[in-house]
Amino acid sequence: MIRISLCDDENHITGTLAANIKGIRPDIEVLSFDSGENLLDSKYLFNDIVLLDIEMTGINGIETANQLRKGGYEGIIIFLTSHKEMVFDSFQVKPHNYIVKPIDIVKVNNILNDAINEVIDRRNTHFEAVANNHTFRIQIENIYYFECNGRKIDIHSKNGTITILGKMNQIEASLRNKQFFRCHKGYLVNLEHVCEFTNNEIILTDNQKVLISRLKINSFKEAFKAFMKGNIKC
């Protein structure tokens, strides 16, 4: 599910935007905040998109966005503003777009649809993980394998190892049709990084070894053969 947070000290603005979003995309979760402080006190790392008013009492939108980025938020930020000239002060937080007040719903929908499509594209090419209150977006092609250690999951990639809390079954389901194979109850391996294998283990391109279940060896061979066939360029 895509999650959008709206932050504006004018409640009628967030109310209008929330009703519009739910009207066109009822599957999207929408949260509303009336100040930058309240947004920063929330679990903002789980947002895919943040619509943020620049001119608010207390912490303004640009400072709120700065703190979001410093806190590890890498999602999409869209600013709301009544003064176009203020957008030049916000480039450092890499906003996706701007919505100029008074709000034009048609333009808002176009901007939101573009942002939602970008979220979907990111999910297709990246795996998002939250660890130590930071959101990490890892390119799927850079992941070697996932390793389950009780309630913790180690993500081994070209960038090192990140440990998150999670369930292997859920990760496996989220990566279905993305070149990963559950070779053992404790391992989910990226077929793109398989170098060679025996009936007991898989050797990856970085020379790491993972176990393969005796019950999974035949289905693994079939999956790897299909993967290799699909990646041969004639």
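The values are calculated or read from the model by the stated rules, or taken from the named source; none is laboratory data. None of the values given here were measured: they were computed from a predicted structure. Here Cβ is always computed from backbone atoms with ideal geometry, including for glycine, and neighbour counts include all displayed protein chains.
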- Task: Confirm whether residue 127 is in contact (Cβ under 8 Å) with a residue 40 or more places away in the chain and of a type in the set (A, V, I, L, M, F, W, C).
- Result: yes
- Scan 208, 170, 139, 179 and give me the residue that is more than 26 Å from the chain's Cα centre (by Cα) and either outside the structural domain of residue 48 (by TED's automatic domain parsing) or under 30 Å from residue 43 (Cα atoms) (or both). 208
- Task: Confirm whether residue 21 is part of a helix (DSSP H, G or I), of a type in the set (A, V, I, L, M, F, W, C), buried (at least 17 other Cβ atoms within 10 Å of the Cβ) and touching a strand residue (DSSP E or B) at 6+ places or on another chain (Cβ under 6 Å).
- Result: yes
- Message: Given the options 161, 205, 198, name the one that is polar (S, T, N, Q), exposed (fewer than 13 other Cβ atoms within 10 Å of the Cβ) and within 25 Å of residue 136 (Cβ to Cβ).
- Response: 161
- Query: Picking from 117, 66, which residue would you name as being over 20 Å from residue 25 (Cα atoms) and either at pLDDT 95 or above or of a type in the set (S, T, N, Q) (or both)?
  - Reply: 66
- Message: Take the conditions assigned to a helix (DSSP H, G or I) and more than 26 Å from residue 40 (Cβ to Cβ) and apply them to residue 147. Does it pass?
- Response: no
- Determine if segment 214-230 includes at least one residue that is in contact (Cβ under 8 Å) with a residue 12 or more places away in the chain, surrounded by fewer than 18 Cβ atoms within 10 Å (Cβ to Cβ), closer than 13 Å to residue 147 by Cβ and in contact with a strand residue (DSSP E or B) (Cβ under 9 Å, 6 or more places away or on another chain). no
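A quick yes/no check of all residues on (1) free of Cβ contacts under 8 Å to residues at least 40 places away in the same chain; (2) assigned by TED's automatic domain parsing to the domain that holds residue 52; (3) closer than 17 Å to residue 50 by Cα:
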site	(1), (2), (3)
135	no, no, yes
157	yes, no, no
160	yes, no, no
165	yes, no, no
175	no, no, no
- Task: Looking only at segment 6-19, count how many residues are within 24 Å of the chain's Cα centre (by Cα) and either of a type in the set (A, V, I, L, M, F, W, C) or not assigned by TED's automatic domain parsing to the domain that holds residue 63 (or both).
- Result: 4
- Looking at (1) assigned to a loop (DSSP other than H, G, I, E, B); (2) touching a residue at least 60 places away in the same chain (Cβ under 8 Å), which is the one condition that is false for residue 80? (1)
- Message: Condition first: under 22 Å from residue 205 (Cβ atoms), at pLDDT 90 or above and of a type in the set (D, E, K, R). Now tell me which residues in segment 159-189 satisfy that.
- Response: 172, 182
- Note on the structure: All-but-one check, residue 73 against (1) under 18 Å from residue 1 (Cα atoms); (2) at pLDDT below 90; (3) loosely packed, with under 13 Cβ neighbours inside 10 Å; (4) of a type outside the set (Lys, Arg), failing number (3)
- Note on the structure: Checked segment 167-187 for anything farther than 17 Å from residue 221 by Cβ and not basic (Lys, Arg); matches are 168, 169, 170, 171, 172, 173, 174, 175, 177, 186
- Note on the structure: When restricted to 43, 22, the only residue of a type in the set (D, E, K, R) and either under 30 Å from residue 192 (Cα atoms) or more than 15 Å from the chain's Cα centre (by Cα) (or both) is 22
